[in-house]
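The numbers here are math on the coordinates, done by the rules we state, and not lab data. Values in this document were obtained by computation on a predicted structure and should not be read as measured data. No Cβ is skipped: glycine too gets one built from the backbone with ideal geometry, and neighbour counts run over all protein chains shown.
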Amino acid sequence: MTKIPTKEAAPASTTAQAQNTAGWHADPRASISSSARIGAGVHIGPWAVVGDEVDLGEGCQLLPHAVVLGPARIGRDNTFYSFCSVGAVPQDLKFAGERSELVIGDGNQFRECVTISRGTHHGGGATRIGDSNLFMAYSHVGHDCQIGSHIIFVNGATLAGHVTVEDYANVGAFSPVHQFCRIGRYAYIAASTVITQDVPPFGMVVTERETHCVGANKVGLQRRGFSAERMHAIEQAFRLLLRSKLNTSQALEQMRETLPGSEDVKELIAFIEAAERGLVK
């Protein structure tokens, strides 16, 4: 789904001389573990914390009071704003101190007071985050979540454990997502929407009196450059799914028969068929 950093950076010590040699800089008031590995061009601000077994890729920035804990493997050009806490111990009563990690790609922004938990043994041992995501202030990613790329988490968006969010999704402000739910590619979740079931790719979900899918995320798809032909096929698929008198199985069969050439519709069908928590309709 997403490029995940696997190559280890060269070891670096925390002395001023080593900083100059390695091409990274830390304010003397920062706290940096001797087991941290820090790439060239990293800047660590005052009172920031870099914990044990943190691997920081080139060009990362830690603003004052940012906290990054390990084990964690972090790619290039990520920015950690003040008072975020990334890589902390999972908020899971079953967690017994076993080794787990956080894996982050490139070019992400973690704004003020964002919290990201490491994985657990029961969830595969790792929380994973892709590239170029924006985590706005106070958003939270729980343990063992699998996050794609180019996703926006608006202020206060909250993921429980084991949630999967695919590329280009948008999770609205103060929207909680139940554990084990999946959010498909290009999906849009409106502000203050409670998610307890899977959100289909390309869909737009909103809470009025109750949470329901209102159709395709047309504005978001247009902004991402979807052609009129792709948009038409997706909208037809959602009409079959949401506005016909067909049940879900019948709607999927109609999609296969009437829209066989659309790769987007095939993705939508595959996503729905893999749903284990049901689907927001």
Practice item. Based on other C-beta atoms within 10 Å, arrange Asp27, Asp167 from fewest to most. Key: Asp27, Asp167
Point to revise | Inter-label distance for Asn247 and Ala228, nm, one decimal - labels placed 7 Å from Cα along Cα-to-Cβ | key: 3.9
Practice item. Quick one: check the C-alpha center-to-center distance for segment 134-177 versus segment 98-131, whole angstrom. Key: 11
Practice item. Positive end of the charge dipole of segment 179-281 (Lys, Arg +1 and Asp, Glu -1 on Cβ, about the Cα centre): tell me which of Thr196, Phe238, Gly225 has its Cα farthest that way. Key: Gly225
Check your understanding: Taking the Cα centre of the chain as origin and charging only Cβ (+1 Lys, Arg; -1 Asp, Glu), how large is the dipole, in debye to the nearest 20?
Key -> 420
Review point. Taking the Cα centre of the chain as the origin and placing charges on Cβ (Lys, Arg +1; Asp, Glu -1), which of Val141, Gly75, Gly125 is farthest toward the positive end of the dipole?
Key: Val141
**Study point:** Segment Gln91-Ala191, length gained on full extension (0.36 nm per residue, minus Cα span)
**Key:** 33.6 nm
Check your understanding: Can you list the HN-Hα couplings for segment 107-123, worked out from phi with the Karplus curve (6.51, -1.76, 1.60; θ = phi - 60°), rounded to whole Hz and with x for Gly and Pro?
Key -> x, 8, 10, 10, 6, 4, 6, 5, 10, 10, 9, 6, x, 10, 4, 6, x
Point to revise | Selection of trypsin sites (Lys or Arg not before Pro), segment 151-220, meeting DSSP coil and at most 10 other Cβ within 10 Å | key: Arg209
Review point. To the nearest 0.05, what FRET efficiency results for Glu235 and Glu273 with a Förster distance of 25 Å applied to their C-beta separation?
Key: 0.75
Point to revise | Structure-based [θ]222 nm, the chain - -39500 (n - 2.57) summed over DSSP H runs of at least 4, per residue, nearest 500 | key: -4500 deg cm²/dmol
**Study point:** Rounded to whole Hz, the Karplus (6.51, -1.76, 1.60) HN-Hα couplings of segment 90-98, x for glycine and proline
**Key:** x, 8, 9, 5, 7, 5, 10, x, 5
Point to revise | Karplus (6.51, -1.76, 1.60) ³J(HN,Hα), θ = phi - 60°, over segment 159-171, in Hz, Gly and Pro reported as x | key: 9, 6, x, 6, 8, 10, 10, 8, 4, 6, 6, 9, 9
Review point. What's the FRET efficiency of Ser31 with Phe180 using the Cβ-Cβ distance as r and R₀ = 35 Å, to the nearest 0.05?
Key: 0.45
